[in-house]
1. What is the antiparallel percent of DSSP beta bridges lying wholly in the chain, to the nearest 5?
2. Provide the gained length on full extension for the span R242 to N204, in nm with one decimal, where the gain is 0.36 nm per separating residue minus the Cα-Cα distance.
3. By the gyration tensor of its Cα atoms, with a ≥ b ≥ c the square roots of the eigenvalues, what is the shape of the range 191-249: rounded for a/c under 1.5, prolate for a/b over b/c, or oblate?
4. Determine, from the Cβ-Cβ distance of T264 and R71 and an R0 of 45 Å, the FRET efficiency 1/(1 + (r/R0)^6), rounded to the nearest 0.05.
5. In Å, what Rg and Dmax follow from the Cα atoms of the range 200-385?
6. When we measure straight from the Cα of K259, which aspartates and glutamates land under 12 angstrom away, once same-chain ones fewer than 8 places off are left out?
7. If R0 is 56 Å, what FRET efficiency do you get for N157 and A235 from their C-beta distance, rounded to 0.05?
8. Which net charge results when you count Lys and Arg as +1 and Asp and Glu as -1 among the other residues whose beta-carbon is under 9 Å from that of S45?
Amino acid sequence: MAPLIGPAVFQASADLSDRTGPETRQTRPSGDLVWAHATNRARYSALCDLGMRLRSLQPDLHFLITYDAARFGSAPAPLEGCDRLVMLGPDQAGAARAFLDKWQPNLMLWTGSDLMPTLIGVAAARKLPMILLDIGETDLSTRRHKWFFDSTRSCLNRFDAILASSPASAALLHRMGVSAPDIRTTDRLHNSATPPHCSDEELNDVTKDIAGRPVWLAAHLRTDEFEQVLTAHRAALRLLHRLLLVVVTDRDADTDALKQRLATMNLRSIDWDTGDAIDDNTQVVVSRDEDNLGLWYRLAPLTFMAGSLVPGSGGHSPLAAAALGSAVLYGSHVGDHLEAYARLAAAGAARAVRDGDGLAGAVVQLSAPDHAAAMALAGWEVVTEGAHLTDSLVELILEVLENRGHDNARA
């Protein structure tokens with residue numbers, strides 16, 4: 001159980017985005033800045049997703065995420081949606097003032113427990129709007145914290161809104177004497193998917209080219225996974241003679257080596273990026289363009305999320321594939337998105353494979369339309385679970401920022 005009040009904050013800060021260039025690192029960007037604090041990796045991933053949604057609606061908005069090094073061990077992997085990532089150290093007044101002076105956030109979002117009373121108190125004194133998200137009964141357990149119960153309650157009362165993850169959590173807040181202005185019950189904070197787009201015309205054209213053939217996709221395939229995936233496809237072809245594999249490689253993958261291996265294995269392939277067309281003889285489609293995943297997720301009833309068979313990558317989020325109706329296969333190394341895979345697996349929407357042999361067997365079994373369709377439906381239900389809270393949060397955040405802008409204008 002995580003302590004309600006934690007030891008964290010403020011040692012060093014690191015600009016996560018190399019896109020800004022070294023000359024602007026460690027500086028506050030102009031415009032509105034939302035600061036969110038992640039208390040575990042699952043919440044970090046969900047906050048990045050929230051940041052991406054906010055940026056799609058308000059492109060000039062910036063999203064800063066802080067984390068506690070003691071909780072994370074190592075820095076979380078850079079994810080789209082987070083402009084800057086700051087590691088926090090001890091909860092001290094001087095460090096809190098320096099942090100807020102530097103970043104001057106327009107809004108603070110805190111997730112779960114590990115509250116930092118000094119930092120939160122300094123932020124409240126500056127009248128920074130503050131929202132506590134995803135607070136559950138486990139977070140609120142006070143049996144180990146009776147000696148500072150009053151401090152905990154005082155800290156919670158500084159928030160403008162508290163979003164409890166269950167009715168029981170909201171009731172416990174009231175029993176603790178928390179009187180924040182707005183206590184409401186919401187879903188748990190989860191990643192929701194923003195599915196990638198594709199051209200309807202291209203989708204229709206490729207659907208005709210495929211002509212009802214069974215299709216599976218290997219997304220974000222790494223060079224060190226080529227052998228296992230191609231061997232799995234060749235094994236599956238013995239039972240499914242018309243099976244088509246679409247490979248979308250990782251950005252750093254060696255596609256020349258992939259093409260050479262395809263030739264060595266006598267697998268007939270085309271290069272999608274150069275304009276080659278799919279015909280009845282095509283066994284493998286090769287693409288380096290991850291921007292086309294929106295097309296392939298829609299076409300492939302089954303997707304293997306690569307970057308997961310061998311250690312070193314941390315995997316990729318499966319939620320876009322699930323949102324677009326593709327059943328999900330994945331390897332053992334998905335530590336950066338473990339919560340998302342666990343949710344899908346528990347619902348029967350995703351299945352783990354250990355190696356190429358397991359992948360081949362799963363592809364054959366799940367290429368049966370009824371199996372893949374059942375998994376796809378379960379996946380869609382999981383993805384939509386988190387969508388309501390994300391939509392509500394986006395609406396609440398934009399409303400707070402707009403009201404704060406009006407208040408500043410009147411001042």
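Just so it is clear, none of the values below were taken in a lab; they were calculated from the coordinates. These numbers come from a predicted model, not from an experiment. All Cβ positions, glycine included, derive from the backbone under ideal geometry; neighbour counts span all protein chains shown.
1. Antiparallel: roughly 5 percent of the beta bridges in the chain.
2. 11.7 nm
3. Cα axes put the range 191-249 in the oblate bin.
4. After rounding to 0.05, the efficiency reads 0.45.
5. Values for the range 200-385 (Cα only, Rg and Dmax): 15.0, 45 Å.
6. E227, D271
7. The value I calculate is 0.35.
8. Around S45, the charge tally is -1.
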